[in-house]
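Comments concern the structure below.
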Amino acid sequence: MFKHDPTRAELAAAAGGSDLAPVQLLAHGFGGLFLTDTLEAYSSGDIARLHLATQDYGAVLVRSREVPSARSFESFGDRFVPMMQHLDREGIPQYPLEGCSKISVLLHNTASLKANAGARLFHHDGWGHSPIDPGLSMLMAAAIPMSGGSTLIADARAAYDWLSPGLKNLVDHATVVSRMAREHVEAEKAEGRKRADEFEHPLVCHNPVSGRKSLIISDRTVCIKGWSRQDSAPLLNHLQQHAIQAQLCLRHMWQVGDVLIWDDRWVKHAGASDVLEASERELWRLVASINTQTGEFLK
Ligand SMILES: [Fe+2]
């Protein structure tokens with residue numbers, strides 16, 4: 001397990017002789033499907049190979065013959081990098097789950113979707129707290145509705161690649177201002193810090209493992225640094241619509257036990273918007289975040 005964001009050479013060395021490979025790509029080189037009997041069946045080399053695949057394919061889906069327990073899921077996540085205790089523990093109805101200290105529970109039903117419309121918007125988790133960079137996110141389906149309840153993910157690397165050269169040149173050098181997510185604002189308050197609820201981050205992020213760049217934009221992005229909000233709005237709206245066009249998105253229809261892994265720096269996601277009346281979806285979530293000062297993963 002790495003304490004810091006591993007390089008490609010470190011992951012390749014850790015992968016050793018593992019020849020683990022996806023059995024299928026889910027879309028245009030985005031999303032690799034891996035099949036296994038259990039999560040425990042993966043060797044440490046296989047875990048490093050899965051980590052590399054997450055960087056190369058943007059996202060990885062692990063489907064096990066045996067539905068993983070919460071403990072099995074949590075220890076699987078920790079074998080990649082240290083997963084962190086989620087900031088929004090107060091808001092998690094079943095925390096801690098089965099004695100696990102890092103899994104947060106996402107419950108979606110018609111009422112919760114109505115109450116929290118933001119859950120349906122595309123975003124990159126983690127870009128909401130200045131000393132923290134997002135890292136890996138993992139979701140496991142504990143219960144799925146009779147119909148719908150899918151998760152959308154969008155390839156932020158392809159979103160950058162598909163821009164015209166002139167626009168790439170502009171976004172390459174742009175810093176943007178985004179609104180912090182609610183849980184980060186609450187955490188700031190709880191720790192007695194009085195930071196503004198907006199923060200700056202680059203519009204483009206470089207992935208040193210895959211060598212690719214990604215476009216970091218979401219509905220929380222309010223303006224380009226040095227531009228007025230009025231001037232920024234048309235370009236930000238264009239970039240946001242470009243980044244979530246259908247060709248860049250993958251809709252994952254869950255099976256119970258599915259584990260979907262992505263890196264929030266290269267992948268945007270959106271929650272369910274299609275859970276039907278009297279139906280419920282339960283996902284378990286693990287996240288890893290990086291302290292930008294030390295480069296180490298937060299615990
Ligand atoms: Fe999210």
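The values are calculated or read from the model by the stated rules, or taken from the named source; none is laboratory data. What you see is a predicted model, and the numbers here were worked out from it, not measured in a lab. Positions of Cβ are generated from backbone atoms using ideal geometry, with glycine treated the same way; all protein chains shown enter the neighbour counts.
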Expected output for the range 210-238 (first residue over 24 Å from Asp264 (Cα atoms), partner assigned to a strand (DSSP E or B) and β-branched (Val, Ile, Thr), Cβ below 7 Å, 6+ apart or cross-chain) is Arg229/Val222
Reported set for the range 188-217 where residues are at pLDDT below 90, over 15 Å from Thr175 (Cβ atoms) and either buried (at least 18 other Cβ atoms within 10 Å of the Cβ) or among the aromatic types (Phe, Trp, Tyr) (or both) is Glu188, Asn207, Val209, Ser210
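Yes/no matrix, rows are residues, columns are (1) at pLDDT 95 or above; (2) away from the ligand (no atom under 16 Å from the Cβ); (3) within 24 Å of Ser64 (Cβ to Cβ); (4) part of a loop (DSSP other than H, G, I, E, B):
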{"position": "Trp227", "(1), (2), (3), (4)": "yes, yes, no, yes"}
{"position": "Asp231", "(1), (2), (3), (4)": "yes, yes, no, no"}
{"position": "Leu250", "(1), (2), (3), (4)": "no, no, yes, no"}
{"position": "Ile261", "(1), (2), (3), (4)": "yes, no, yes, no"}
Those residues of the range 140-161 that are assigned to a strand (DSSP E or B) and more than 29 Å from Val204 (Cα to Cα) come to a total of 3
Within the range 25-41, residues being surrounded by fewer than 13 Cβ atoms within 10 Å (Cβ to Cβ) and in a loop (DSSP other than H, G, I, E, B) number 2
Checked against (1) at pLDDT 65 or above; (2) away from the ligand (no atom under 13 Å from the Cβ); (3) more than 15 Å from the chain's Cα centre (by Cα); (4) surrounded by 14 or more Cβ atoms within 10 Å (Cβ to Cβ), Gly99 satisfies every condition except (4)
Arg265 vs (1) in contact with a Phe, Trp or Tyr (Cβ under 9 Å, 6 or more places away or on another chain); (2) under 20 Å from Val67 (Cβ atoms); (3) not hydroxyl-bearing (Ser, Thr, Tyr): all pass except (2)
